[in-house]
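A.B. asks: Let me give you the structure first, and then I'll get to my questions.
The values are calculated or read from the model by the stated rules, or taken from the named source; none is laboratory data. As the structure is a prediction and not an experimental result, all values here were calculated from the model. Every residue, glycine as well, gets a Cβ built from its backbone with ideal geometry; the counts of neighbours run over all protein chains shown.
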Amino acid sequence: MTMNQSALATLIGEVLTDPDLAHSDVFRRMLQAGLQDLIDAEATAKIGAERYERTPHRTTRRNGTRAKTLATPAGEVDLAIPKLREGSFFPALLSPRRRVDKALYAVICQAWIDGVSTRKVDHLVRALGNDTGISRSTVSRICAEIDDTVQEFLHRRIDHTWFPYLFLDATYLDVRIRGRVSSQALVIATAVSANGRREILGMALGDAETTDFWTEFLRSLRERGLKVATETDPLGVTLVTSDAHAGLKAAVKAILPGAGWQRCRVHFARNITQRLGSARSKPVNALITTIFAQTTPEAVTAQYHAVIDSVARMFPEIADMLTTAEPDLTGFAVLPREHWQKVWSNNPIERLNREIKRRADVVQIFPDRDSVTRLIGAVLQEQHEEWQYGERRYLSDISMRKLIQTLHENPETTRSELYLTA
């Protein structure tokens, strides 16, 4: 706190001694120092101690800072967000969730104004006290502000780092198009970067998960800078995790030729449940789970074949499914052991889909496609920022170095094994 107070005092001294100093720059610098004061004070309250203070009330310790640029009417200010050794910290004054709340409010109001809202939306509008006072111009202004931010996020360049792991999935939302309610496919791409942190790369909305739709989406990621692996440079997309949708697989093969494919084990378990029913599938899925409990590639292969032999007599159709899916379900095995659990399913993006559904359920039927991008884009941007500022990484630095070593030392072996899944 002393450092920030001294910074403010220094700025005041500069103004008094130099009347010609640009007032706007002084205000920006004073705003920056004041915001930093508040951030540090909130961090101190969360930690339970000042810097270097010895106290029994301390809950964790500082671990450096993370840079954050904040746009203000006085210009951009550079802030330092304290990092913690345990847990995560993001200052409340920066309001990481306000964007989503405004987006949800705008979508609800837009649906009400257009006269296409559901009964649930009507109740929400009245609960907000706006049943007679919603201004179309106000809603338009809010929408424009959100759209600018969301579009900038969804179209940003992504060539700043290497993304070895890419996760793709789709969910469906009801959208009113030309007066009719249509189920639209919302596809999302998340990834793990070279520093082991998760990022959201993009989203798209379409009529269905066709090959053309997935191809166009993946091509847009490449145009924005997503790197692909080559024979001379293996540091591109190493593995894509998704369900077994034929259009998605074809698009991955066409647009990301250097990447392997991992079939999501959770989706595969659902496929077995659909084939056998809930009761009969439980012991089979439990047996398949033992494949993923192994600790070496050799043990994974041996257990996989043992499971096929075990189910062949009672469930020959499941044995055939396993035989066909072996290269798809075991794409993870050539990668560092520390990464297996993180890449063999789409669980990370599944949790994100649940959050999207939670927000979408409030609206029920989106008034148009732009409103989907507005609300879901804001949700994705919020999640992206939380991942970036969270203290805990998805994959450690040590394990990422192991991956780089594996790709450089055994490029032909690794690539050939991964290509079996492509």
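A.B. asks: If LEU375 satisfies every condition in (1) surrounded by fewer than 21 Cβ atoms within 10 Å (Cβ to Cβ); (2) over 14 Å from the mean Cα position of the chain (by Cα); (3) assigned to a helix (DSSP H, G or I) but one, which is the exception?
C.D. replies: Going through the list (1) surrounded by fewer than 21 Cβ atoms within 10 Å (Cβ to Cβ); (2) over 14 Å from the mean Cα position of the chain (by Cα); (3) assigned to a helix (DSSP H, G or I), LEU375 breaks only (1).
A.B. asks: Something else: Go through (1) surrounded by 15 or more Cβ atoms within 10 Å (Cβ to Cβ); (2) modelled with pLDDT of 95 or more one by one and return the number of the condition ALA302 breaks.
C.D. replies: For ALA302, the failing item is (1).
A.B. asks: So which of ASP328, ASP320 is loosely packed, with under 15 Cβ neighbours inside 10 Å and not hydroxyl-bearing (Ser, Thr, Tyr)?
C.D. replies: Values: ASP328 fails: loosely packed, with under 15 Cβ neighbours inside 10 Å.
The match here is ASP320.
A.B. asks: Can you tell me which residues in the range 340-372 are within 17 Å of the chain's Cα centre (by Cα) and without any contact (Cβ under 8 Å) to a residue 12 or more places away in the chain?
C.D. replies: Those that are within 17 Å of the chain's Cα centre (by Cα) and without any contact (Cβ under 8 Å) to a residue 12 or more places away in the chain: ARG351, ARG354, ARG358.
A.B. asks: Right, here's the next one. Could you figure out which of (1) surrounded by fewer than 19 Cβ atoms within 10 Å (Cβ to Cβ); (2) more than 17 Å from LEU352 (Cα to Cα) isn't true of TYR172?
C.D. replies: So the condition that TYR172 fails would be (2).
A.B. asks: Then there's this: Which condition from (1) within 17 Å of PHE163 (Cα to Cα); (2) part of a helix (DSSP H, G or I); (3) modelled with pLDDT of 85 or more is the one that ASP328 breaks?
C.D. replies: It is condition (1) that ASP328 fails.
A.B. asks: Moving to a separate point now. Looking at the range 253-268, is at least one residue assigned to a strand (DSSP E or B), among the hydrophobic types (A, V, I, L, M, F, W, C) and within 26 Å of TYR172 (Cα to Cα)? Steps first, answer last, please.
C.D. replies: To start, the set of residues in the range 253-268 that are assigned to a strand (DSSP E or B) comprises 260-263.
Filter once more, keeping what is among the hydrophobic types (A, V, I, L, M, F, W, C): 261.
Applying the additional criterion that residues be within 26 Å of TYR172 (Cα to Cα) yields 261.
Within the range 253-268, one or more residues are assigned to a strand (DSSP E or B), among the hydrophobic types (A, V, I, L, M, F, W, C) and within 26 Å of TYR172 (Cα to Cα).
A.B. asks: While we're here: Just a yes or no: is a residue in the range 198-207 out of contact with any Phe, Trp or Tyr (no Cβ under 8 Å at 6 or more places or on another chain), at pLDDT 95 or above and part of a loop (DSSP other than H, G, I, E, B)?
C.D. replies: no
A.B. asks: Any chance the range 387-398 includes a residue that's assigned to a helix (DSSP H, G or I) and at pLDDT below 85? Let's see the steps before the verdict.
C.D. replies: Looking only at the range 387-398, we keep the residues that are assigned to a helix (DSSP H, G or I), and these are 387-389, 397-398.
With the extra rule that they be at pLDDT below 85, the set shrinks to 388-389.
Yes, the range 387-398 has at least one match.
A.B. asks: Inside the range 344-378, can you point out the residues that are of a type in the set (A, V, I, L, M) and touching a strand residue (DSSP E or B) at 6+ places or on another chain (Cβ under 8 Å)?
C.D. replies: Taking the range 344-378 as the starting set, the residues that turn out to be of a type in the set (A, V, I, L, M) are 349, 352, 356, 360, 362-363, 365, 372, 375-376, 378.
Selection gives ILE349, LEU352, ILE356, ALA360, ILE365, VAL372, LEU375, ILE376.
A.B. asks: Restricting the search to the range 384-399, which residues are within 19 Å of the chain's Cα centre (by Cα) and not hydroxyl-bearing (Ser, Thr, Tyr)? Spell out the reasoning first.
C.D. replies: The first filter runs over the range 384-399 and keeps only residues within 19 Å of the chain's Cα centre (by Cα), leaving 384-396.
Answer for the range 384-399, where residues must be within 19 Å of the chain's Cα centre (by Cα) and not hydroxyl-bearing (Ser, Thr, Tyr): HIS384, GLU385, GLU386, TRP387, GLN388, GLY390, GLU391, ARG392, ARG393, LEU395.
A.B. asks: Mind counting the residues in the range 144-180 that are among the hydroxyl-bearing types (Ser, Thr, Tyr), more than 24 Å from ALA250 (Cβ to Cβ) and not in a helix (DSSP H, G or I)? Steps first, answer last, please.
C.D. replies: Quick first cut of the range 144-180, residues among the hydroxyl-bearing types (Ser, Thr, Tyr) only: 149, 161, 165, 171-172.
Adding the requirement that they be more than 24 Å from ALA250 (Cβ to Cβ) leaves 149, 161.
From what is left, the residues that are not in a helix (DSSP H, G or I) are 161.
Matching residues across the range 144-180 total 1.
A.B. asks: Let me ask another. Taking THR273 and the conditions (1) assigned to a helix (DSSP H, G or I); (2) among the β-branched types (Val, Ile, Thr); (3) surrounded by fewer than 14 Cβ atoms within 10 Å (Cβ to Cβ), which numbered condition does it fall short on, given that it satisfies the others?
C.D. replies: Here THR273 meets the rest and fails (3).
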